[in-house]
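The values are calculated or read from the model by the stated rules, or taken from the named source; none is laboratory data. Since we're looking at a predicted model, the values are computed, not measured. For neighbour counting, all protein chains shown are included, and Cβ atoms are generated from backbone atoms with ideal geometry for every residue, glycine included.
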Amino acid sequence: MKISAFEVFVVGNPPPHFGGRYWVFVKLTTDSGIEGIGEVYCLPFHPRAVEAMIADVCERQVIGSDPFRIEDLWRRVYGSGYSQRPDPSLMGVLSGIEMACWDIVGKELNRPVYDLLGGKVHERLRSYTYLYPKPGEDEEVYLDPDLAAERACEYQAQGFTAVKFDPAGPYSVYDPRQLSLEALERCEIFVKRLREAVGTSCDLLFGTHGQMTPAGAIRLAKRLEPYDPLWFEEPTPPEMPEAMGQVARATSIPVASGERLTTKYEFSALLQAKAAAILQMNLGRVGGLLEAKKVAGMAETFYAQIAPHLYCGPVVGAANIQLSTCSPNFLILESIQTWGGFHAEILKRPVRWEEGYVIPPEAPGLGVELDEAVARAHPYEGEALHLEMSERPG
């Protein structure tokens with residue numbers, strides 16, 4: 001079996017854009033007619049450029065390859081052009097391609113990918129969601145702690161046992177910084193109100209985006225500790241795990257990090273620096289499913305857990321489900337609400353979510369099929385990137 005063709009879909013995510021402005025999918029087809037789908041996460045280029053990058057890698061390295069030889073393909077792409085180092089752009093492209101190869105292999109063998117990576121160890125997967133605005137609302141839920149507490153209770157009533165929120169304010173190209181006293185106070189009030197609202201039957205996940213210096217993050221953590229969040233997410237930027245380690249050693253709140261990291265090498269540095277107890281790899285960036293499984297295994301040796309990141313489309317979500325199902329140190333899965341809306345519309349069969357849990361599929365491969373008619377009907381026509389930083393600190 002050889003890969004004989006590829007196709008890229010750049011899909012505009014309609015309002016309210018939960019999961020980003022657009023999603024980039026790559027489809028591989030074998031000479032025997034089997035199709036596999038993957039997703040590339042959040043490169044710092046317009047998707048027109050990303051589409052050209054995917055085409056370049058596929059034309060040079062993927063066409064004619066055996067989809068079963070995933071490790072060999074990974075090494076050839078990783079070493080392409082003499083870079084041979086963790087590069088979020090190349091690894092994003094490789095992640096989508098690698099994911100599609102696993103989808104093909106699973107379909108050829110008529111097994112879910114998790115059966116090929118060690119087998120099922122979790123019958124269902126606990127999930128969490130961000131606090132999102134309701135239809136027709138503005139973004140007050142991110143600014144108003146009482147409204148956020150009300151929304152948390154609504155998600156709790158649906159069955160969620162954990163919710164995430166990020167009240168620290170905008171992240172910028174000039175981070176890290178010290179948060180203002182006003183921002184520190186707002187963060188503390190948010191956590192206090194939510195804890196009062198949901199009690200102890202719902203975990204609170206405090207999100208930030210690498211906005212703080214270590215000293216600033218420690219100041220904030222001291223304010224949050226009385227309310228016992230499950231985690232303090234990415235308190236410092238990703239470049240220096242030693243700095244994040246300073247924060248981790250200074251607080252009782254578990255530090256979670258990893259959505260902006262790629263490959264086992266960067267996650268190894270994070271673990272060696274004792275910087276995070278919870279790893280949040282994004283499977284559309286880290287290097288794909290096998291690389292993520294290696295990271296999960298490495299994390300086990302540090303008694304660290306995994307909580308795969310999702311702020312993109314449902315194909316990365318499907319890969320997260322496959323990895324989580326076969327990983328003993330799985331903690332919790334990021335959901336975008338209950339996997340409805342456009343995340344369901346673009347799939348022929350939506351992800352199964354029941355009362356706070358995702359139920360792993362039994363279908364072969366990744367367990368999802370892209371509805372190509374829906375994908376083609378929603379081309380991305382904007383100029384903005386998937387996610388963008390503020391030009392100046394808030």
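When the residues of the range 78-99 are filtered to those that are farther than 19 Å from residue 44 by Cα and within 24 Å of the chain's Cα centre (by Cα), the one that is modelled with the lowest pLDDT is 84. With respect to being surrounded by fewer than 20 Cβ atoms within 10 Å (Cβ to Cβ) and within 30 Å of residue 290 (Cα to Cα), residue 203 fits the description. Does the range 319-337 include one or more residues that are free of Cβ contacts under 8 Å to residues at least 24 places away in the same chain and assigned by TED's automatic domain parsing to the domain that holds residue 153? No, every residue in the range 319-337 fails to be free of Cβ contacts under 8 Å to residues at least 24 places away in the same chain and assigned by TED's automatic domain parsing to the domain that holds residue 153. Residue 332 satisfies every condition listed in (1) farther than 21 Å from residue 160 by Cβ; (2) out of contact with any helix residue (DSSP H, G or I) (no Cβ under 8 Å at 6 or more places or on another chain); (3) β-branched (Val, Ile, Thr) except (1).
Looking across 328, 308, one residue alone is more than 21 Å from residue 386 (Cα to Cα) and assigned to a loop (DSSP other than H, G, I, E, B). It is 328. Which of the residues that make up the range 343-394 are touching a residue at least 24 places away in the same chain (Cβ under 8 Å), closer than 30 Å to residue 173 by Cα and exposed (fewer than 15 other Cβ atoms within 10 Å of the Cβ)? Result: 379, 381, 382, 383, 384, 387, 389, 390, 391, 392, 394.
Would the range 279-289 turn up any residue that is among the β-branched types (Val, Ile, Thr) and in contact with a strand residue (DSSP E or B) (Cβ under 7 Å, 6 or more places away or on another chain)? Scanning the range 279-289 turns up no residue that is among the β-branched types (Val, Ile, Thr) and in contact with a strand residue (DSSP E or B) (Cβ under 7 Å, 6 or more places away or on another chain).
Using the structure shown, decide if residue 51 is at pLDDT 95 or above and surrounded by fewer than 16 Cβ atoms within 10 Å (Cβ to Cβ). Against the criterion (at pLDDT 95 or above and surrounded by fewer than 16 Cβ atoms within 10 Å (Cβ to Cβ)), residue 51 does not qualify.
Kindly indicate whether residue 191 is touching a strand residue (DSSP E or B) at 6+ places or on another chain (Cβ under 8 Å), of a type in the set (Val, Ile, Thr), assigned to a helix (DSSP H, G or I) and not assigned by TED's automatic domain parsing to the domain that holds residue 89. Answer is yes for this residue.
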